[in-house]
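Worksheet: the structure to be examined is printed underneath.
The values are calculated or read from the model by the stated rules, or taken from the named source; none is laboratory data. The shown structure was predicted, so the numbers you read here are calculated from the model rather than taken from an experiment. Methodologically, a virtual Cβ is constructed for each residue, glycine included, from the backbone with ideal geometry; neighbour enumeration extends over all protein chains shown.
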Amino acid sequence: MYMQFNMNLPGLEDVKITKTEEINGSFYLYIEVPRKKHKCPVCGERTNKVHDYRTQKVQHLKVFERTSYLFYRKRRYVCSCGKRFLENNRVVDRYQRHSIEWNQALGLRVVKGKNFKDTAVQFRTSQTTAIRRFDQISAGTLKEVSELPSVIAIDEYKGDTNEGKYQVIIADGNTGKPLDILPNRSVETVKNYLKEKGSKVKIVVMDMSHSFKSAVKKALNSPIIVADRFHFCRYIYWALDRVRRRVQGEFHPYDRKKCKRMKHIFYKPYDKLTQKQHWYLERYLGLSEELRMAYGLKESFRLWFNRAKEIGKTSINEVKKGLFAFYDQVEKSGLTEFVKAIQTIKNWQVEVLNSFAFGYSNGFIEGLNNQTKVIKRNAFGFRRYDRLRLRVLLHHQYKSLDF
């Protein structure tokens, strides 16, 4: 079937389409470049004398959702010096079987696509070709970090690569932009990296990891360490949950099962509960005095936490007094679960107070980790650390681009 039209196709604006046809569901375009004078690569003389023609089959982007092929009738020019050379064109590079437009589109899609296999199917090529194309463009495209900014955030995620079970992501604490991914979470790896690129780092935001803390202190010159709020808050909620699980074992079987199913009401703020949830809360708190005390401690901590966020940057001493008052409440209650929880907070007290004094959090980096896990899951895992690193960093680098 022959098709006649005057539409410009992407990547073919500078060529002449002599014929188009559809055969067995594929779209064939016969093209050639307008004849013009070319400069001889040997003597520099300009010539338009044609030596011969050769037809090359080139895979192109889909046209009307059909696999398309270009049959490029290319010229070889001959100079008076005897040199024969191919004409210049913007269709296909030398030694390639795919058009320039096809290679560019594949290069973008392997970065933004779901995984290499799906991208290869979409472009009617092999998975090996998609991976090879990714490897070709990734190293030169990625903007490597030469020096870390003054505020950084550090966290780990489960990568399961050939370099280790866990990898470490480092991000800009002000912009939330991922900067680099380290092969493992060992103290030596983190320390050496920070020594090399962390001369300007003043503030480090992290979870309550002793290995990270040790590496940061060894590598940097007295940095300010900020503990992520989520990680120290959860110790209080874990303590409440441990008390609930311990005391509900003494409830009637019906109440024990129902209390377990309604455990979310203990975590929600008291003023955010519905009337029905208030009823259940009062019922279970009435069954155990220890559970009532535990819930009261959780609410006291929540009120202190909300107040600390409001005044932390201007009145850190008041925040500190409120934290000491909470310690006293816990010690008077005698609840072992809460005593252990505040002991952890005491060990990280300076870093906890820094989170309110400076207002930094690791919340955004948890979001980056979630996106990283989605990329890893869609690809059914990455065996090679370097490929996972490039895939994740390029994804975030090109995230704002729409293609």
Exercise. Under the condition of being in contact with a strand residue (DSSP E or B) (Cβ under 6 Å, 6 or more places away or on another chain) and part of a strand (DSSP E or B), which residue from region 194-248 is farthest from residue 343 (Cα to Cα)?
Worked result: 203
Seminar exercise, completed: Filtering region 136-165 down to residues that are within 21 Å of residue 197 (Cβ to Cβ), over 18 Å from the mean Cα position of the chain (by Cα) and loosely packed, with under 15 Cβ neighbours inside 10 Å yields 140, 146, 147, 150
Exercise. Restricting attention to region 97-112, and to residues there that are charged (D, E, K, R) and modelled with pLDDT of 85 or more, which single residue is surrounded by the most Cβ atoms within 10 Å (Cβ to Cβ)?
Worked result: 109
Problem set entry | Leading residue by the ranking (nearest to residue 168 (Cα to Cα)) among those in region 367-403 that are among the aromatic types (Phe, Trp, Tyr) and buried (at least 17 other Cβ atoms within 10 Å of the Cβ) | 385
Seminar exercise, completed: Flagged in region 250-306 as of a type outside the set (A, V, I, L, M), farther than 25 Å from residue 328 by Cα and outside any helix (DSSP H, G or I), in numbering order, are 251, 252, 263, 274
For this session: Give region 102-130 a look and list any residue that's touching a residue at least 24 places away in the same chain (Cβ under 8 Å) and hydrophobic (A, V, I, L, M, F, W, C), or say none.
Result: 102, 105, 106, 108, 110, 111, 116, 130
Seminar exercise, completed: Scanning region 363-393 residue by residue, the ones that are at pLDDT below 85 and of a type in the set (A, V, I, L, M) total 1
Exercise. Would it be correct to say that residue 303 is without any contact (Cβ under 8 Å) to a residue 12 or more places away in the chain and in the same structural domain as residue 270 (by TED's automatic domain parsing)?
Worked result: yes
Problem set entry | Pairs where the first residue, in region 181-194, is in the same structural domain as residue 171 (by TED's automatic domain parsing) and the second is of a type in the set (S, T, N, Q) and assigned to a helix (DSSP H, G or I), C-beta under 7 Å, 6+ apart | 182/189; 183/189; 185/211; 187/211; 187/214
Exercise. Has region 345-355 got any residue that is closer than 26 Å to residue 154 by Cβ and among the hydroxyl-bearing types (Ser, Thr, Tyr)?
Worked result: yes
Exercise. Failed condition for residue 297, given (1) over 21 Å from residue 173 (Cα atoms); (2) surrounded by fewer than 19 Cβ atoms within 10 Å (Cβ to Cβ); (3) not acidic (Asp, Glu), with all others met?
Worked result: (2)
For this session: Assess whether residue 364 counts as being of a type in the set (Phe, Trp, Tyr), buried (at least 20 other Cβ atoms within 10 Å of the Cβ), touching a residue at least 12 places away in the same chain (Cβ under 8 Å) and closer than 23 Å to residue 229 by Cβ.
Result: no
For this session: Give 335, 323 a once-over and let me know the one that is crowded, with 19+ Cβ neighbours inside 10 Å, on the phi < 0 side of the Ramachandran plot, in contact (Cβ under 8 Å) with a residue 40 or more places away in the chain and not assigned by TED's automatic domain parsing to the domain that holds residue 156.
Result: 335
